[in-house]
1. As an exercise: evaluate Asp8 against (1) out of contact with any His (no Cβ under 8 Å at 6 or more places or on another chain); (2) surrounded by 13 or more Cβ atoms within 10 Å (Cβ to Cβ) and give the number of the one condition it does not meet.
2. Mind listing whichever residues of the range 83-107 are assigned to a strand (DSSP E or B), open to solvent by less than 40 Å² (accessible area, probe 1.4 Å) and of a type outside the set (A, V, I, L, M)?
3. Can you name every residue in the range 54-81 that is assigned to a strand (DSSP E or B) and open to solvent by 30 Å² or more (accessible area, probe 1.4 Å)?
4. Quick check, is Val19 over 19 Å from Ile66 (Cβ atoms) and out of contact with any helix residue (DSSP H, G or I) (no Cβ under 6 Å at 6 or more places or on another chain)?
5. I'd like the full set of residues that are in contact with a helix residue (DSSP H, G or I) (Cβ under 8 Å, 6 or more places away or on another chain) and open to solvent by 50 Å² or more (accessible area, probe 1.4 Å), limited to the range 22-32.
6. Answer with yes or no whether Val72 is among the aliphatic types (A, V, I, L, M), modelled with pLDDT of 95 or more and touching a Lys or Arg at 6+ places or on another chain (Cβ under 8 Å).
7. State the number of residues belonging to the range 108-125 that are open to solvent by 40 Å² or more (accessible area, probe 1.4 Å) and part of a strand (DSSP E or B).
8. Mind listing whichever residues of the range 33-53 are outside any strand (DSSP E or B), at pLDDT 95 or above and surrounded by fewer than 13 Cβ atoms within 10 Å (Cβ to Cβ)?
Amino acid sequence: MDVRSIEDVKPTIEHNGTVPVWWLVEPREMFEATKGGHLELVSEFEVEGGGLVDPHSHPTHEFYYIISGRGVMKIGDEERDVQQGDLVYTPPNVTHSIWPKSEHASIRALAFAVGTPESGPVNYTDH
């Protein structure tokens, strides 16, 4: 499972020395994997304590960036704890889900997806 934490990355000072940047994906690092793709979506979501994202898959490269909370990410048969500052990558067509670690606290994340060249429209409501 590809999980990258801001806690493991030393910042680089960018933009003429004005901003620290934590590269969780280096420029062009995923160029070959996402070549010919397109930005499919960007969203923010929250899973309440005791809930989960229904296990699903779709033909996109998907990234979750954890904004707040702690949870468990499942990709395929692998589970891993995730928390604020983690970036999680899910390859296309792999079943995945996420849920809060606590039944009393939520987890909130940003989702970014890159469509593959051969993928058509995806119904995310039923996935």
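1. For Asp8, the failing item is (2).
2. Residues of the range 83-107 that are assigned to a strand (DSSP E or B), as a first pass: 83, 86-90, 96-100, 107.
Narrowing further to those that are open to solvent by less than 40 Å² (accessible area, probe 1.4 Å): 86-90, 96-98, 100, 107.
Those that are assigned to a strand (DSSP E or B), open to solvent by less than 40 Å² (accessible area, probe 1.4 Å) and of a type outside the set (A, V, I, L, M): Asp86, Tyr89, Thr90, His96, Ser97, Pro100.
3. Passing the criteria: Tyr65, Ile67, Ser68, Arg70, Lys74, Glu78, Glu79, Arg80, Asp81.
4. On the way: over 19 Å from Ile66 (Cβ atoms): yes; out of contact with any helix residue (DSSP H, G or I) (no Cβ under 6 Å at 6 or more places or on another chain): yes.
Answer is yes for this residue.
5. Residues of the range 22-32 that are in contact with a helix residue (DSSP H, G or I) (Cβ under 8 Å, 6 or more places away or on another chain), as a first pass: 22, 24.
If the condition is that a residue be in contact with a helix residue (DSSP H, G or I) (Cβ under 8 Å, 6 or more places away or on another chain) and open to solvent by 50 Å² or more (accessible area, probe 1.4 Å), then Trp22 is the only one that fits.
6. Details: among the aliphatic types (A, V, I, L, M): yes; modelled with pLDDT of 95 or more: yes; touching a Lys or Arg at 6+ places or on another chain (Cβ under 8 Å): yes.
Taking the combined requirement at face value, the residue satisfies it.
7. 3
8. From the range 33-53, those outside any strand (DSSP E or B) are 33-37, 48-53; that's our starting set.
Filter again for at pLDDT 95 or above, leaving 48-53.
Of everything in the range 33-53, just one residue is outside any strand (DSSP E or B), at pLDDT 95 or above and surrounded by fewer than 13 Cβ atoms within 10 Å (Cβ to Cβ), namely Gly50.
The values are calculated or read from the model by the stated rules, or taken from the named source; none is laboratory data. Quick caveat, the model's predicted, so the values are computed rather than measured. Glycine gets a Cβ as well: all are built from the backbone with ideal geometry, and neighbour counts include every protein chain shown. With ligands, DNA and RNA removed, areas are computed over all heavy atoms of the protein, side chains included. Shrake-Rupley method; radii C 1.70, N 1.55, O 1.52, S 1.80 Å.
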